[in-house]
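Coordinate-derived values only; no laboratory data. On a predicted model such as this, the values are computed, not experimentally measured, just so you know. Here Cβ is always computed from backbone atoms with ideal geometry, including for glycine, and neighbour counts include all displayed protein chains.
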Amino acid sequence: MNYKKYLIVASILLIILGGCSNKDAEFDSLVEQANRHYNGEEYISSAAVYSKALEVKEDPDIRSKLTEVNTEIKRIEEVILLIDEFRSIASKYESVRTPQDIFDTCAAYLDIFAKIDSFDTTPSDPATKYIESIRDSREYLFIKTESAIIQTYYLVGKRVDGPYKDAKAISDKVTELFDAYPLPDGFVVQ
């Protein structure tokens, strides 16, 4: 009789342990897959797979990694919004006709520069690397300087070039900037 009890207990333990090792293998496989997505700069996919892994098994390191990835995704979203705003200003150069139009356009550029310059680059992440490369570029410095100069000249009434020509020159530099520094492939937000 005791033999049967031990056999039943041993069978139950094998089933339980077998189930655990399957969960561990699934968890490890999901974490490995999430890491590949992350290393391939597929941040959205990475976060989704880390979440799946945590559904299989709770792990503080993976929970921390998921939090880190989600933070990076939010920062990437902020960068995309900044760049979209920057491009939007540049695309409106054709509507610039008067000194007030160029003054307002330059004010909009200066506003976006303030946002880019105040972007937190403390974390060492893809968003920081991209923003720093933009800030360090000659094109960015030119656009920033030219916007301030044009705005000042129009403010005091001393600009000789026409507003459209000034707006077009800045718009062309914005195009050069983003041709030289396109958004990285991993900066796709769904």
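Residues in the range 94-137 that are β-branched (Val, Ile, Thr) and within 19 Å of Glu176 (Cα to Cα): Thr105, Ile112, Ile116, Ile131, Ile134.
Please list, ordered by residue number, the helices (runs of 4 or more DSSP H) wholly in the range 98-190 having 1 or more residues that are loosely packed, with under 15 Cβ neighbours inside 10 Å and β-branched (Val, Ile, Thr).
By residue number, 138-156, 163-180.
Scanning the range 68-96 for residues that are under 15 Å from Ile170 (Cβ atoms) and surrounded by fewer than 18 Cβ atoms within 10 Å (Cβ to Cβ) turns up Glu85, Arg87, Ser88, Ser91, Lys92, Glu94, Ser95.
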